[in-house]
Amino acid sequence: MMLWSTTLSYLRLFFGRSFSFSTLAAISVLTVALVVLCLVAFPVHKYQADADGVLAGLCAIQVLHGSHPVFFPGGYRLGAQSCYVTAAAFSLFGISRQSLALTGLLFCSVFIIFMYLYLREAFGPRASIAGLVMAAFPPLQLLINTYVAWAYGEILMYCASTLWLGTLLERRRPRTVWFS
């Protein structure tokens with residue numbers, strides 16, 4: 001069995017259709033981006049724990065003990081989604097810095113996916129690949145600041161999902177003619 005042809009045949013079977021060049025390129029970029037995300041996020045001892053990361057971990061422990069917060073601890077700037085995601089990671093893998101890093105990893109992965117969906121909807125399948133590369137491999141400072149559970153990956157995810165949904169709504173709304 002050939003690795004690539006077998007993998008593609010399984011993917012075609014799973015998705016039920018053949019892939020275009022732009023779809024294969026996007027899947028490739030997303031896969032490499034996920035590998036880079038993991039390499040940056042782990043080992044976690046390289047990066048100092050930030051206050052928001054610690055707050056997400058403490059909030060997650062409260063969630064595991066039955067608390068149901070609506071907002072992130074320390075203010076009302078964010079919802080408590082990262083607390084629940086971190087609690088899920090803690091319950092699956094134990095309470096550790098590695099589990100805490102999974103929160104940022106998840107939100108950044110979803111950010112890249114939403115950014116691709118936005119770029120594809122706004123600019124088309126082929127043109128979206130260049131933008132996807134820039135979103136998947138940002139400058140080092142952004143890369144480091146978004147992978148730990150600091151809420152930045154979460155904010156980026158919300159921004160990208162809002163752009164995508166806004167573009168979907170704009171493209172699908174009926175056009176009205178104001179002048180005849």
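Put simply, when 21-33, 152-164, 91-103 are sorted by average Cβ atoms within 10 angstrom per residue, most first, you get 152-164, 91-103, 21-33. Using a probe of 1.4 Å, the accessible surface attributed to S67 totals some 50 Å² when neighbouring protein chains are kept in position.
Cβ under 14 Å from L119's Cβ, L119 left aside: what net charge do those residues give with Lys, Arg +1 and Asp, Glu -1?
On the way: positive: R120, R126, R171; negative: E121.
Computed value for this residue: +2.
Sorting L132, L165, L8 on solvent-accessible area from highest to lowest, probe radius 1.4 Å, gives L165, L8, L132.
What's the extension gain from L64 to L3 if we count 0.36 nm per residue and subtract their Cα-Cα distance? Please report the intermediate quantities before stating the final value.
Values: separation 61, 0.36 × 61 = 21.96 nm, distance 4.18 nm.
Gain on extension, L64 to L3, equals 17.8 nm.
The values are calculated or read from the model by the stated rules, or taken from the named source; none is laboratory data. Predicted model only: the values in this text are computed from it and were never measured. All Cβ positions, glycine included, derive from the backbone under ideal geometry; neighbour counts span all protein chains shown. Protein only, heavy atoms only, side chains kept; ligands, DNA and RNA dropped before computing areas. Shrake-Rupley method; radii C 1.70, N 1.55, O 1.52, S 1.80 Å.
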